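Report on one structure; see the data block that follows.
The values are calculated or read from the model by the stated rules, or taken from the named source; none is laboratory data. Just so it is clear, the structure is predicted and the values come from calculations on it, not from any experiment. Here Cβ is always computed from backbone atoms with ideal geometry, including for glycine, and neighbour counts include all displayed protein chains.
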Amino acid sequence: MIHVIGDVILDCYISGSVDRVSPEAPVPIVKIHSQKNRLGGAGNVASVLSDFKTAVKVWTSFASDEAGEMLQALLLSQQIEVHNFQISETSTRKTRILAEGQQVVRLDEEKKSAPISEDALTSIISQINPKDQVIISDYDKGLLPLLGDFLYALKQKKVETYVDPKGSDFSKYKNCFLIKPNMKELRHATLEKPDSDIDAKVRFLMQKAGADVCLLTKSAEGMSLYSPDKKRDFGIISSEVYDVTGAGDTVIAALAFARNKQLSLTDAASFSNYCAAYAVTKIGCAQMDIPELTYIMSQNEAFLNILPDVKG
């Protein structure tokens, strides 16, 4: 099983068209055509894993409000097991208004959550097996405390942990197996090293986080996988980019899934690169369409072997 620990977000997409400007203010009037709710944040990570037909459990917190009820229903519909700590006053919801496929405005409803308690973290540890993987999906909503002792306990159980970080202090994730910052997060976490090159910043960050491995995503420049003694670059896979929303979630979910299927770290990173290239061709958090991925990965037998049967 793959465990996802972090901030679940309700992503609401309201789509419409614009024919005129409001007489009340210089803003477009969006005529609504459709509305969709999707899992975002740690929920999107779990959703990608569900698309890959793998067992997944989410450890999170959302409130007993309208957004929370929608989150519960979405998780249930995708057969995602969830443990809701219910320590949040408000469920986080991001509403995106789209006109002709372009985002016009985003409305955020959120309030910082209380953090998961030490007792709760201990309970999570007891329910994770050595063959499991753990993803920390941090969207900085207050739920995740300092995780050094928690991650150390999992390391002692030989459990691989993958962290999608937020903030500037990556010592919060000390003892993780892999950390996956993007370029903006790398710069934010290494402000004390302004003159260092990217490689030096990554090595500094790895030391700070006590991470064995770093997967740096670099947008149009692909990604780089750093281990203690080497670096492997993965070029961008050509695709028409419509929306980068959730691409980082896709990367870490696909990486953990591939490792769960016994692929090497290098192959797992390459697999996640293909999945991210597919995800950015879709509006919003993309569902992993297995037939499309099978076509995209048709030249790589190792990748085809781990994808679920299309007929399943």
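Output the residues belonging to the stretch 207-236 that are out of contact with any helix residue (DSSP H, G or I) (no Cβ under 9 Å at 6 or more places or on another chain) and assigned to a helix (DSSP H, G or I).
Gln207, Ala220
Which of (1) surrounded by fewer than 23 Cβ atoms within 10 Å (Cβ to Cβ); (2) touching a residue at least 40 places away in the same chain (Cβ under 8 Å); (3) closer than 22 Å to Ile135 by Cβ does Leu121 not meet, given it meets every other one?
(2)
Can you name every residue in the stretch 97-108 that is within 21 Å of the chain's Cα centre (by Cα) and either hydrophobic (A, V, I, L, M, F, W, C) or assigned to a loop (DSSP other than H, G, I, E, B) (or both)?
Leu107
Residues to consider are Lys53, Lys94, Lys57; find the one that is basic (Lys, Arg), within 30 Å of Phe271 (Cβ to Cβ) and outside any strand (DSSP E or B).
The match here is Lys53.
If I filter the stretch 236-245 for residues that are within 25 Å of Gly6 (Cα to Cα), modelled with pLDDT under 90 and surrounded by 14 or more Cβ atoms within 10 Å (Cβ to Cβ), do I get at least one hit?
Yes, the stretch 236-245 has at least one match.
Among the residues of the stretch 213-220, is there at least one that is more than 23 Å from Arg38 (Cβ to Cβ), within 19 Å of the chain's Cα centre (by Cα) and modelled with pLDDT under 90?
Yes: one or more hits.
Only residues that are within 12 Å of Ala189 (Cα to Cα), within 22 Å of the chain's Cα centre (by Cα) and without any contact (Cβ under 8 Å) to a residue 40 or more places away in the chain: list them for the stretch 200-212, please.
Val202, Leu205, Met206, Lys208, listed by residue number.
Take the residues in the stretch 263-311 that are exposed (fewer than 13 other Cβ atoms within 10 Å of the Cβ) and among the hydrophobic types (A, V, I, L, M, F, W, C); name whichever of them is modelled with the highest pLDDT.
For the stretch 263-311, the residue satisfying everything is Leu304.
So if I check each of Ile14, Ile29, Ile9, which one is of a type in the set (Val, Ile, Thr), over 26 Å from Ala276 (Cα atoms), touching a strand residue (DSSP E or B) at 6+ places or on another chain (Cβ under 7 Å) and in a strand (DSSP E or B)?
Testing whether each residue is of a type in the set (Val, Ile, Thr), over 26 Å from Ala276 (Cα atoms), touching a strand residue (DSSP E or B) at 6+ places or on another chain (Cβ under 7 Å) and in a strand (DSSP E or B) leaves just Ile29.
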